[in-house]
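First comes the structure, then the notes that go with it.
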Amino acid sequence: MINARLFPFDEVWWVYLAATLIIGALLAIDLGVFHKQAHRVSMREATGFAVVWVAVALAFNVLLYFWSLSFLTSHPPVGISVPDAAKRTALEFLAGYVVEYSLSVDNLFVFVVVLNYFRIPPELRHRVLFLGILAALIFRGVFVMIGAALLQFQWIVWGLGLFLVYTGIKVMTGGDDDQIDPEHNWAMKLLRKILPVTPKFHGESFFVREGGRLLATPMFVALMFLNIVDTVFAVDSVPAIFGLTNEPLVVFTSNMFAILGLRNLYFLLAGAVDVFHLLKYGLGIVLVFVGLKMTLLSWLMDGHVPIGPSLGFILAVLVISIAGSLLYPKRSSTQEST
């Protein structure tokens, strides 16, 4: 069994509810105020909102630290002081946020392929991404609940840790051909057999009636595929954060706030798919490290792997992989042939 948790659900359920309401309000403001009208998102707009969402996450991290101090003062933890426990909680949130945000960068490259494949017009992409992110928030919440229940057993922790090591190695050694292909995906083939699809766009509509039949537009098909892709990626990212903390509250909030800023991150990275070509090695190393942290390192250190050095290592790996991509740009096929 894993160590006792600092924040039992029956005592802090209202924090989950409060975080959900905050995120829901932010999404409502984003769609209902700033993106009420469909339009092409500029680089400047995407950059501004990306900075805002990161700032919101960091502000929540500060609030989480001070709330932890207050809560743990009245619910003293065993084997650790209240200030140290609150500090560890804040660092675990930050580490989980960084890992989820970083893994999402790789996922967004697939989103670029998907939206280009379905030829979604630039001015409609924000709507598809918004609803895709909304569905991702719901699915991630379900994954966190399932993970919180299953990861109470040590053999499952080891199993998922080894899975993350395997996934990390596969990420590093896989080629560009390993990306999900919408044309040959079994789920998309099944969807098209069940649901009639029109090849034409009808503004922001996901369904349209033609000849008395209800038809799905390419907008809906793209949305469903994005949800399929995100569900596949959640199998990696949620266990990765559980590898950094055994607190479901930290996993839930760090995951939710990281996903919150993905739409704007997409518009920033849409034209830079090949720029960060070394990032996959950094992400692979991070997954391997988290997997080892859940298994071998935890066993060697009696279950007490410090979160501070772990966060420093993760940040260093990501910074090096990004900097390396910029310093050593990917050679084009024409350059390689000359």
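The values are calculated or read from the model by the stated rules, or taken from the named source; none is laboratory data. Predicted model, so just to flag it, every value in this text is computed and none were measured. Every residue, glycine among them, receives a Cβ derived from its backbone with ideal geometry; neighbour counts consider all protein chains shown.
Things to note:
- Counting the residues of the range 317-330 that are at pLDDT 85 or above and under 12 Å from Leu279 (Cα atoms) gives 6.
Quick grid of which residues meet (1) at pLDDT below 65; (2) closer than 22 Å to Asn246 by Cβ:
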residue	(1), (2)
Leu6	no, yes
Gly32	yes, no
Lys36	yes, no
Val51	no, no
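- For Glu45, the test of being at pLDDT 85 or above, among the acidic types (Asp, Glu) and surrounded by fewer than 18 Cβ atoms within 10 Å (Cβ to Cβ) is failed.
- When Phe220 is tested against (1) closer than 15 Å to Val114 by Cβ; (2) of a type in the set (Phe, Trp, Tyr); (3) modelled with pLDDT under 80, only condition (3) is not met.
- Search result, residues across the range 201-234 that are in contact (Cβ under 8 Å) with a residue 60 or more places away in the chain and either part of a strand (DSSP E or B) or within 15 Å of the chain's Cα centre (by Cα) (or both): Leu226, Asn227, Val229, Asp230, Thr231, Phe233, Ala234
- Complete set of residues in the range 74-129 that are among the aromatic types (Phe, Trp, Tyr) and either more than 19 Å from Leu265 (Cα to Cα) or at pLDDT below 80 (or both): Phe93, Phe109, Phe111, Tyr117, Phe118
- The condition of being modelled with pLDDT of 85 or more and either surrounded by fewer than 17 Cβ atoms within 10 Å (Cβ to Cβ) or not aliphatic (A, V, I, L, M) (or both) holds for only one of Phe206, Phe242, Phe252, that being Phe252.
- Qualifying residue in the range 138-159 (condition: at pLDDT 75 or above and in contact with a Lys or Arg (Cβ under 9 Å, 6 or more places away or on another chain)): no
- When Ile138 is tested against (1) hydrophobic (A, V, I, L, M, F, W, C); (2) surrounded by fewer than 20 Cβ atoms within 10 Å (Cβ to Cβ); (3) within 16 Å of Ile241 (Cβ to Cβ), only condition (3) is not met.
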